[in-house]
Structures are given as structure tokens and as C-alpha cells.
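Undergrad: This is the structure I have questions about; it appears just below.
The values are calculated or read from the model by the stated rules, or taken from the named source; none is laboratory data. This one's a predicted model, so the numbers in the text were calculated from it and none came from an experiment. Every residue, glycine as well, gets a Cβ built from its backbone with ideal geometry; the counts of neighbours run over all protein chains shown.
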Amino acid sequence: MSKQTVLTGITTTGTPHLGNYLGAIKPAIEASENPAFDSFFFLADYHALIKCHEPERVARSTREIAATWLALGLDTDKATFYRQTDIPEITELTWLLTCHTSKGLMNRAHAYKAAVDANRDAGNDDLDDGITMGLFSYPILMAADILMFNADIIPVGKDQIQHIEMARDIAGRFNHSYQPLFNLPQAQVDEETQLIPGLDGRKMSKSYDNTIPLFCSRDELRSLINKIKTDLRAPGEPKDPDDSTLYQLYSLFATAAERAQMRQRFLDGIAWGEAKTELFEFLDAKLTAPRQRYNELLSDLGYVEQVLHKGAEKARALAIPFLEQIRIAAGIRPLTYVAPQVEKSAAKKEEKSAEELARIEEGRRRAILKQVQGLIDRVHLAPNKAEEAQTVVAEKTAEVEGLKKRARERAQNELDLLREELAAYL
Ligand code: TRP
């Protein structure tokens with residue numbers, strides 16, 4: 001069986017946090033180590049412009065996310081790692097797909113609908129107020145990201161499932177209109193990593209402002225962990241590990257043995273302060289080496305840029321010829337282009353039109369035959385058929401000669417047919 005292609009992108013609007021690491025980056029890097037998969041990971045920087053119009057922030061986030069993947073040990077010889085905007089074919093494909101995406105499908109996109117609802121709730125008469133075409137057609141750009149590399153599996157968060165379904169719809173429509181060029185991609189959602197809690201116990205997310213940046217300094221990490229919400233249970237009082245953000249974050253990084261031990265300490269009534277110190281030391285130990293590498297990369301951005309360029313080259317080696325195929329399928333071709341299939345189907349057309357011509361000719365004959373059938377019958381009924389045939393043809397000839405052009409043509413046709421039909425006697 002050929003390899004499955006796994007592809008995912010991260011929008012470059014924020015600083016990577018523990019939730020991004022556990023939910024997206026770590027499983028992606030693990031998949032890229034698996035020889036059953038071809039992996040494509042990218043910085044979705046054109047997606048960033050949909051929701052963020054702060055250039056410094058987009059640029060900073062792009063540097064940080066690139067450095068994060070590399071610091072965490074992504075092997076860019078195994079995976080194809082690139083920046084979306086280094087692949088102009090993706091934006092070109094976006095337009096080709098846009099022309100096959102019904103507006104109604106985009107009207108149903110969650111992100112767009114949420115923005116419309118927010119306007120409605122705010123009593124705004126203009127329901128599209130503040131909504132850009134970028135936000136509206138965002139699922140098409142995402143479909144292009146995926147279809148450009150004919151990806152099979154798209155690891156994403158739950159909020160992105162609808163976009164993968166839209167990519168399937170769009171691919172299906174394109175395939176149906178032209179040629180079956182696109183795979184239909186599938187979302188892969190890991191339920192466990194959907195639940196990484198943030199400082200306040202809700203899902204860790206930029207939008208809740210409850211994140212722990214993956215590579216913040218040791219001091220910042222300590223102070224953030226100290227902010228994690230706990231209850232009022234006193235030291236010595238048993239604590240439910242499953243109800244504790246501290247335990248959950250610990251367990252996401254721990255081995256089974258470490259987890260079991262920490263569970264016991266919770267049940268035995270570990271003090272919250274102590275649990276926080278334990279979590280801090282534990283995470284800090286895990287993060288020290290990649291944090292150092294991250295900081296080195298951020299002060300050697302020329303190198304990171306080079307890695308991205310190499311990735312873009314690898315990606316474009318696939319994207320350029322595939323886009324050419326897609327454009328050709330849609331009729332965007334060099335003027336001199338002659339497709340082999342087109343030749344074949346043109347030949348088919350000729351065959352068909354020869355058949356058709358024969359049918360038309362047959363119809364024409366039958367119509368004329370009706371006109372002259374009486375004359376033919378006269379010949380057949382005559383005792384001297386040869387004589388009668390000559391007379392009939394002579395009469396018709398005289399008629400033809402005495403006629404004006406149009407009528408003459410008609411009579412000439414009749415005469416020709418008579419000669420044919422009566423050839424045996426003439
Ligand atoms: N829109 C995705 C998000 O916000 C990021 C993304 C862009 C993506 N293009 C993609 C994810 C293609 C998977 C595949 O999370």
C-alpha cells in the first residue's frame with residue numbers, strides 16, 4: 001500500500017503554548033517518525049492575516065512557531081516543513097477552487113456564522129459588519145493547503161472538522177467537473193488532547209488568555225504554574241487527581257509509573273503549594289533542553305529561514321507539476337498545448353459525426369424517395385421495365401432542365417436518385 005499523507009498547519013498569530021505542543025506539535029512529530037506516513041507541516045501565515053492585522057505580531061509568531069517545531073526535534077529530512085507563503089501554487093489553487101465553491105457552502109462555515117451572530121447579538125443592522133472576504137472564504141484557502149498535496153489525514157482540533165468536510169466537498173466538485181485529481185481528505189481528532197486544561201481549568205486556548213507559553217523563561221513558568229486554580233482543600237486533605245489541572249498537566253508529560261506515583265500523592269493529601277512546585281520542577285526539567293535550543297534558533301534566524309527554504313523546495317517539487325495538471329484540467333493551458341486525451345476524444349467526435357452524416361444522408365434519401373416512389377413503381381409495374389425506366393428518366397431530365405435553380409436542384413436530386421434506383425434497368 002502506498003504511504004498515507006498526513007498534513008497539518010498552524011496559524012501564525014500567537015506564541016506556541018503547552019496546549020499547542022501536546023495537542024498538535026508532539027503527535028505530528030511522532031507521526032513524522034513513522035515510515036507509514038509522508039508528513040507535511042506548515043506555518044499557515046496567510047491564514048494569520050484573516051484574523052490578525054498586526055504585522056509585527058504575525059512576523060513574530062511565524063519566527064516563534066518555526067523555531068518551536070525545530071527545537072522540539074522535527075526532522076526536516078523526514079517531514080516536509082514549509083511556510084505557506086513560500087508556495088505560491090497554494091494561492092493559485094485557492095482561486096481555482098474558489099470557482100468551484102458554492103457561496104452557500106461558505107455561508108454555513110462556523111467562523112463566518114459566529115461573526116454574523118455576534119453582529120446580530122450586538123444589535124448591528126449590518127450583519128456582515130467587519131467581516132472580510134478573507135474570513136468568509138477562509139475554508140477555501142484551507143482546502144487548497146490540503147488538496148495541493150493530496151493529503152489523506154488531517155490532524156486537527158474539533159473546531160476544524162467542518163473545514164476538512166468542506167475541503168472534501170470542494171475536491172469532490174472539482175473532480176466531478178474535470179478529472180478525479182484530488183483525494184478526499186479526512187480529519188483526525190484526538191479526543192484526549194482536546195482536553196488540555198489552562199490556568200483557569202478551561203481548555204488551554206489563546207482566546208481564554210489562560211495559556212502557558214511552551215518556552216517561557218523558568219521564572220515565568222514558575223509564576224504561571226503558581227496561578228493555576230486550585231480549591232480550598234488544606235494540606236493533608238485527600239485531593240482528586242482527575243479534578244486537578246495540576247495533575248492533568250503533569251500526567252500529560254509523565255510516564256505511567258510517574259503518573260501512578262503522583263496520583264497516590266494527591267490521594268495522600270499533597271499540599272497545593274507542593275504540587276505546584278513539583279509540577280514546575282518536572283515541566284522545567286523536560287523543557288530546559290528544547291527551550292535552550294529554541295532560544296538559539298531565535299538568535300540564528302538565517303538558519304531557520306534556510307530550513308524553510310529547503311522545505312519549500314521539496315514542497316514545490318510536488319506542487320508545481322500538480323498545479324500544472326490541475327490548471328490544464330480546467331482549461332488553463334499554453335496555446336500550443338494538445339492533450340493526448342483531447343486528441344482521442346476529437347477523433348471520437350469525428351467518428352461520431354461520420355455516423356451522424358450517414359444518418360442524415362439516409363434521411364435525405366428517404367425523403368426524396370417518397371417524391372419519386374410513384375415513378376419507380378411505374379417502372380416496376382411496366383411490362384418493359386427498361387423502356388419505362390428510360391422514359392421516366394428522360395422526362396425527369398427534361399423537367400430538371402426546364403426549372404429554375406432551387407427547384408432544379410431539388411429535381412436534380414430526384415433525378416440522381418432515380419438513376420441510382422433504376423440503375424439495373426438503365
Ligand atoms: N485553520 C487551522 C487552525 O486554525 C490551521 C490550518 C490552516 C490548517 N490550514 C490548514 C490545519 C490545513 C490543517 C490543514 O487551526
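Undergrad: Is there a residue being under 21 Å from T193 (Cβ atoms) and among the acidic types (D, E) anywhere in segment 46-67?
TA: Yes.
Undergrad: What helices (runs of 4 or more DSSP H) completely inside segment 53-108 contain at least 3 residues that are surrounded by 15 or more Cβ atoms within 10 Å (Cβ to Cβ) and not polar (S, T, N, Q)? Lay out the reasoning, then the answer.
TA: Values: elements: 55-71, 88-98, 103-107.
Ranges flagged: 55-71, 88-98.
Undergrad: While we're on this one: Looking at A151 and the list (1) within 11 Å of the ligand (Cβ to nearest atom); (2) part of a helix (DSSP H, G or I); (3) farther than 30 Å from R293 by Cα, which single condition is not satisfied?
TA: (2) is the only condition that A151 fails.
Undergrad: Which one is surrounded by the most Cβ atoms within 10 Å (Cβ to Cβ) among residues in segment 27-52 that are more than 24 Å from K78 (Cβ to Cβ) and more than 10 Å from the ligand (Cβ to nearest atom)?
TA: Initially, segment 27-52 is screened for residues more than 24 Å from K78 (Cβ to Cβ), giving 46-52.
Checking the rest, the ones that are also more than 10 Å from the ligand (Cβ to nearest atom) come to 49, 52.
Numbers: L49: 18, C52: 15.
Across segment 27-52, the extreme among qualifying residues is L49.
Undergrad: Restricting to segment 251-304, what's the tally of residues that are closer than 18 Å to P241 by Cβ and not in a helix (DSSP H, G or I)?
TA: Residues flagged as closer than 18 Å to P241 by Cβ and not in a helix (DSSP H, G or I) within segment 251-304 amount to 6.
Undergrad: Condition first: at pLDDT below 80 and outside any loop (DSSP other than H, G, I, E, B). Can you find one or more residues in segment 308-330 that meet it? So that I can check it myself, show each step before the final result.
TA: Here is the first cut: in segment 308-330, the ones at pLDDT below 80 are none.
Within segment 308-330, not a single residue is at pLDDT below 80 and outside any loop (DSSP other than H, G, I, E, B).
Undergrad: Quick one: which of R63, R83, R57, R108 is among the charged types (D, E, K, R), within 15 Å of the ligand (Cβ to nearest atom) and out of contact with any Ser or Thr (no Cβ under 6 Å at 6 or more places or on another chain)?
TA: Exactly one of R63, R83, R57, R108 is among the charged types (D, E, K, R), within 15 Å of the ligand (Cβ to nearest atom) and out of contact with any Ser or Thr (no Cβ under 6 Å at 6 or more places or on another chain), namely R83.
Undergrad: Counting just the residues of segment 192-209 that are under 27 Å from the mean Cα position of the chain (by Cα) and in a helix (DSSP H, G or I), which one comes out nearest to P16 (Cα to Cα)?
TA: Ranking the qualifying residues of segment 192-209, first place goes to K206.
Undergrad: Looking at (1) under 21 Å from L49 (Cα atoms); (2) within 14 Å of the ligand (Cβ to nearest atom); (3) without any contact (Cβ under 8 Å) to a residue 60 or more places away in the chain, which one does F136 not meet, given that it meets all the others?
TA: All conditions are met except number (2).
Undergrad: Go through segment 1-26 residue by residue and tally those that are in a loop (DSSP other than H, G, I, E, B) and either more than 15 Å from the ligand (Cβ to nearest atom) or farther than 21 Å from A315 by Cβ (or both).
TA: Our first condition is that a residue be in a loop (DSSP other than H, G, I, E, B); within segment 1-26, this holds for 1-3, 12-16.
Filter once more, keeping what is either more than 15 Å from the ligand (Cβ to nearest atom) or farther than 21 Å from A315 by Cβ (or both): 1-3, 13-16.
The total comes to 7.
Undergrad: Do we have F149 as closer than 22 Å to D190 by Cβ and touching a Phe, Trp or Tyr at 6+ places or on another chain (Cβ under 6 Å) here? Give the derivation first.
TA: Values: closer than 22 Å to D190 by Cβ: yes; touching a Phe, Trp or Tyr at 6+ places or on another chain (Cβ under 6 Å): yes.
Criteria met by F149.
Undergrad: Check T211 against each of (1) among the β-branched types (V, I, T); (2) over 24 Å from P139 (Cα atoms); (3) in contact with a Lys or Arg (Cβ under 7 Å, 6 or more places away or on another chain) and name the one condition it does not meet.
TA: The failed condition is (3).
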